[in-house]
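To start, the structure itself, in structure tokens.
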Amino acid sequence: MSALLRLIEKPIVSEKAELLRDSTDTYTFAVALDANKRQIAAAVKDAFDVQVIDVRTSIVRGKTRRMGGNIGRRKNWKKAYVRVAEGQVIEALEPVEEIPEFEEEN
């Protein structure tokens, strides 16, 4: 696995991410904190073979959490919004069109 592909940690699947994907061809990923926009664009292009138009990033601050009397904090992470060229899709992240029906046995 190349160093660029290690930058993409996972895709983000949420209602907001689905709306962005459908309306503006923008896919959302959790990426490494030290990744910059050029590296993210190159990693998405190599991994999914699409033309990247734009990359926007934001750092999501970790929440403070309590477990009994102990106070802890989740780690910060970086979110990347990657817009691909119109008409191109990332097949691995597209929803399943049909769910097969199974017959019940009596």
### Message
Can you list residue pairs whose Cβ atoms sit under 8 Å apart, with the first residue in the stretch 1-24 being part of a helix (DSSP H, G or I) and the second being exposed (fewer than 12 other Cβ atoms within 10 Å of the Cβ)? Count only pairs 6 or more apart in sequence or on different chains.
### Response
18/95
#### Entry: Among residues of the stretch 59-88, those that are surrounded by 10 or more Cβ atoms within 10 Å (Cβ to Cβ) and either in contact (Cβ under 8 Å) with a residue 40 or more places away in the chain or small (Gly, Ala, Ser) (or both), counted
13
### Task
Kindly indicate the residue of the stretch 45-58 that is without any contact (Cβ under 8 Å) to a residue 40 or more places away in the chain and among the β-branched types (Val, Ile, Thr) and also farthest from residue 84 (Cα to Cα) among those meeting that condition.
57
#### Entry: Selection count where residues are surrounded by 18 or more Cβ atoms within 10 Å (Cβ to Cβ) and either without any contact (Cβ under 8 Å) to a residue 60 or more places away in the chain or among the hydrophobic types (A, V, I, L, M, F, W, C) (or both), scope the stretch 25-38
5
### Task
Test residue 66 against the criterion of being of a type outside the set (Ser, Thr, Tyr), at pLDDT below 95 and not in a loop (DSSP other than H, G, I, E, B), and give yes or no.
yes
### Message
Can you say whether residue 89 is in a loop (DSSP other than H, G, I, E, B), of a type in the set (Val, Ile, Thr) and under 16 Å from residue 17 (Cβ atoms), as far as the supplied structure shows?
### Response
yes
### Query
Could you list, in sequence order, the residues of the stretch 43-91 that are out of contact with any strand residue (DSSP E or B) (no Cβ under 6 Å at 6 or more places or on another chain) and of a type in the set (Phe, Trp, Tyr)?
48
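The values are calculated or read from the model by the stated rules, or taken from the named source; none is laboratory data. These numbers come from a predicted model, not from an experiment. Neighbour counts run over all protein chains shown; Cβ positions are idealised from the backbone, glycine included.
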